[in-house]
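Chemist: Sharing a structure, written as structure tokens. Questions coming.
Only the coordinates and a few stated rules stand behind these numbers; no lab work does. Note that this is a predicted model, so its numbers are computed, not measured. Here the Cβ positions follow ideal geometry from the backbone for every residue, glycine too, while neighbour counts run over all protein chains shown.
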Amino acid sequence: PLVTTKEMLLRAQAGHYAVGAFNVENMEMVMAVVQAAEESRAPVIMQTTPSTVKYAGLDYYLAMAKAAAERATVPVAMHLDHGDSFELAMQALRTGYTSIMIDGSHDSFEDNIALTRRVTDACAPSGVPVEAELGKVGGKEDDLEGGDGNPFTDPQQAKEFVERTGVDSLAVAIGTAHGLYKGVPKLDFDRLSAIRELVSIPLVLHGASGVPDEAVRESIRRGICKVNFATELRIAFSDGVKKYLAEDPDAFDPKKYCKVGRANVVALVKEKIALCGSNGQA
Ligand code: 13P
Ligand code: ZN
Ligand code: NA
């Protein structure tokens with residue numbers, strides 16, 4: 001069934017594992033993520049970024065998530081990832097998304113708090129949980145390693161941010177970046193532990209594609225309850241399609257090549273669920 005991320009993340013926190021959150025782009029990826037969760041007996045989160053939402057619309061993605069969730073016996077949530085405006089957050093709320101991220105991390109501390117507070121106030125009556133971000137998770141072009149003045153999350157600020165916004169979960173910047181990495185990312189685990197000491201809500205790790213498994217496990221041991229994977233799923237799907245088309249360049253039935261992409265995503269998501277330790281938790 002389709003549920004919110006509220007109880008899912010609190011249960012993960014209590015059980016010392018993390019729920020995998022997987023970015024989906026099309027129907028096959030929705031099908032694959034839910035199939036992997038079902039076969040792993042794991043709660044699961046699917047999520048769409050603003051650029052994905054632009055591609056097909058919130059209504060399309062929610063309809064696909066609902067169809068998949070209704071067939072599933074494990075809890076499934078549909079989350080707005082990196083919501084970049086109050087308006088988009090409200091559109092997701094009205095459409096029926098069961099979890100919303102408002103990302104004010106590019107604003108000043110005070111503006112981030114004000115924006116996040118508006119969203120938590122608006123979502124509270126319907127019980128839809130809100131994720132926010134403090135500090136900056138790098139983008140594809142950013143090279144966080146060795147850079148000076150890295151805007152990692154400050155533990156004291158995180159405490160104040162959570163108190164003043166009433167958010168349900170917090171994405172932290174501890175050295176991960178979206179996309180793949182040039183080298184091996186070095187995560188600031190001590191910082192994560194320091195945040196955990198001061199903040200009691202579930203913490204979220206963004207940019208997990210390309211992060212070594214052991215670093216993901218260590219993050220979870222230190223308080224991460226939701227781990228976001230996007231790039232590796234895109235690669236898995238595309239690799240499957242490319243492989244099929246390379247072997248049969250005259251293929252023209254989308255079912256044929258999408259099926260291979262879908263199977264690749266199922267396998268990858270099962271691995272990530274096992275990495276998060278959420279298998280068997282549903
Ligand atoms: P990756 O693309 O590095 O997996 O990041 C995913 C993410 O943080 C989505 O919000
Ligand atoms: Zn992210
Ligand atoms: Na990454």
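Chemist: When only alpha-carbon atoms are used, what values of Rg and Dmax, in angstrom, describe segment 13-122?
Modeler: Every Cα atom of segment 13-122 included, Rg and Dmax give 14.6, 44 Å.
Chemist: May I pose another question? For the chain, modelled as a GNM with alpha-carbon contacts under 10 angstrom, which of Glu38, Glu131, Glu271 fluctuates the most?
Modeler: Largest GNM mean-square fluctuation: Glu271.
Chemist: Please identify every one of the trypsin sites (Lys or Arg not before Pro) in segment 13-114 that sits in a loop by DSSP and has no more than 14 other beta carbons within 10 Å of its own beta carbon. Walk me through the numbers before you get to the answer.
Modeler: Working: sites: Arg41, Lys54, Lys66, Arg71, Arg94; in loops: Arg41.
Loop-located and lightly packed - Arg41.
Chemist: If you line up the Cα atoms of segment 156-216 on their principal axes, what length do they span on each, largest first, in Å?
Modeler: Rounded to whole Å, the extents work out to 37, 20, 16 Å.
Chemist: Convex hull over the Cα atoms of segment 130-264, averaged projected area in nm²? Display every interim value, and only then the final one.
Modeler: Details: hull surface 39.8 nm².
Approximately 9.9 nm², given one-decimal rounding.
Chemist: Given the options Pro249, Pro50, Pro75, which has the most mean-square fluctuation in a GNM of the chain, springs set between C-alpha atoms less than 10 angstrom apart?
Modeler: Maximum fluctuation in the GNM of the chain, among the listed residues, is at Pro249.
Chemist: Another question, if that's okay. What ranking do Leu115, Leu192 get, fewest neighbouring Cβ atoms within 10 angstrom at the top?
Modeler: Values: Leu115 21, Leu192 24.
So the ranking, lowest neighbour count to highest, is Leu115, Leu192.
Chemist: Still on this structure, I have one more. Could you identify which residue out of Ala21, Ala63, Ala173 has the top mean-square fluctuation in a GNM of the chain using Cα springs shorter than 10 Å?
Modeler: Of the options given, Ala63 has the highest mean-square fluctuation.
Chemist: Karplus couplings for segment 240-246 from phi (6.51 cos²θ - 1.76 cosθ + 1.60, θ = phi - 60°), rounded to Hz, Gly and Pro as x?
Modeler: x, 4, 4, 4, 4, 5, 5
Chemist: Please compute the length gained on full extension between Asp190 and Asp121, using 0.36 nm multiplied by the number of residues separating them and subtracting their Cα-Cα distance. Before the final figure, lay out the partial values.
Modeler: Values: separation 69, 0.36 × 69 = 24.84 nm, distance 3.22 nm.
So the chain would gain 21.6 nm between Asp190 and Asp121.
Chemist: Return the lysines within reach of Lys136: Cα separation strictly under 30 angstrom, same-chain partners fewer than 8 residues apart disregarded; answer none if there are no such residues.
Modeler: Of all the lysines, those that pass the test against Lys136 - Cα under 30 Å, at least 8 places apart if same chain - are Lys6, Lys54, Lys159, Lys182, Lys186, Lys226, Lys270, Lys272.
Chemist: Using Cα centres only, tell me the gap between segment 223-259 and segment 90-131 in whole Å.
Modeler: A separation of 31 Å, based on Cα centres.
Chemist: Could you run the Debye sum over the Cα atoms of the chain, one equal point scatterer each and no solvent, and tell me log10 of I(q)/I(0) at q = 0.10 Å⁻¹, two decimals?
Modeler: -0.48
Chemist: Next question. Once the other residues with Cβ under 14 Å from the Cβ of Lys259 are scored (Lys, Arg +1; Asp, Glu -1), what is the net sum?
Modeler: Numbers: positive: Lys242, Lys243, Lys255, Lys256, Arg262; negative: Glu28, Asp239, Glu247, Asp248, Asp253.
Taking every Cβ under 14 Å from that of Lys259, the sum is 0.
Chemist: Hey, how many Å between the Cα centroid of segment 196-222 and the Cα centroid of segment 26-49?
Modeler: 20
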